[in-house]
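None of the figures in this text is laboratory data; all of them are computed from the coordinates on show. Owing to the predicted nature of the structure, the values given are computational and were not obtained by experimental measurement. Heads up, the Cβs are rebuilt from the backbone with ideal geometry, glycines too, and the neighbour counts pull from every protein chain shown.
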Amino acid sequence: MTVATWNVERLKHGRELDEILLLCERAEADILVLTETDERVRPGGYRHCFRTACLAEISPGLYRPTENRVSVFTNYACLCRHVTYDRYAALCVELETELGRLCVYGTVIGAEGNRRPSFKTDVLGQVGDFSGLAGAGKKLCIAGDFNISFSDGYYFTKFGRDTLARAFAENGIRILTENVPECIDHIAVSEDIAEGMAVNIRERNIEKRLSDHKGIAAEITKK
């Protein structure tokens, strides 16, 4: 299974849309989570797309009617959709995969960055979501823009890093991308999925030409 995520920066580089789509498709992801995205970014090859609520609902002067914060693309069948604390910032779909039932939680933590008071609210709200799902025995894959680097001083707050790391540890969730430098977009999965598996991390848009974020993918295979 390959999971990929990328923040496409509200399609600020829309003139390169074809190239952005090509890069998404080259990730060859079974689960693709795009953040700060737009309905116009729809990679080929996927039967299903799930989106957070349209941002123009809350601020029509700031956002285009095609913008949303998170989209999940997959060919896996969706069994149900779980409510999240903020329908604009995160979505959770439970999929039937070769690894069993998997709750894919796509997220942007802190739409205004990690320095505003709203960031703490987002962190705590989403931690509540993770904990509730894990407590119910759900296997989790959490992917998206965390606005936190875990391995260096690139971009983080101590509160955000410590709170997320503690919540993941308490709920048996492993951050597959935590050692990637200058990385604030992450993929984390339940330990019982990661245990005994080999993980290969791939990066794209490293030069940050098509977005101000690198894309990241985790290929998870049996050892």
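Could you calculate the FRET efficiency of Asp152 with Leu22 from 1/(1 + (r/R0)^6), where r is the beta carbon distance between them and R0 is 35 Å, rounded to 0.05?
Plugging the Cβ-Cβ distance into 1/(1 + (r/R0)^6) gives 0.75.
Fully extended, how many nm does the chain gain between Arg40 and Asp212 (0.36 nm per residue separation, minus their Cα-Cα distance)?
Between Arg40 and Asp212, full extension yields an extra 60.1 nm.
For the pairs Lys120/Lys208; Lys139/Lys222; Lys139/Lys214; Lys138/Lys214; Lys158/Lys222, note any where the Cα-Cα span goes beyond 24 Å.
Checking Cα-Cα distances, Lys120/Lys208; Lys139/Lys214; Lys138/Lys214; Lys158/Lys222 exceed 24 Å.
Taking the Cα centre as origin and putting +1 on Lys and Arg beta-carbons and -1 on Asp and Glu beta-carbons, what dipole magnitude results for the chain, to the nearest 20 debye?
240
Can you give me the Cα centroid spacing of segment 49-112 and segment 138-209 in angstrom?
Distance between centres, Cα-based: 18 Å.
Rounded, prolate or oblate: pick one for segment 2-222, where a ≥ b ≥ c are the square roots of the eigenvalues of its C-alpha gyration tensor, a/c under 1.5 means rounded, and failing that, prolate if a/b is larger than b/c, else oblate.
Because its axes are fairly even, with a/c under 1.5, segment 2-222 counts as rounded.
Take every Cα pair under 8 Å in segment 2-222 that's 6+ residues apart, average their separations, divide by the length, and report that relative contact order as a whole percent.
About 20 percent, as a whole number.
Pick out, from Tyr85, Phe150, Asn179, the residue whose Cα sits farthest towards the positive end of the charge dipole of the chain, with +1 on the Cβ of Lys and Arg and -1 on the Cβ of Asp and Glu.
Of the listed residues, the answer is Tyr85.
So how do 113-125, 183-195, 141-153 stack up, highest first, on mean other-Cβ count within 10 Å?
Put in order of decreasing packing, that is 141-153, 183-195, 113-125.
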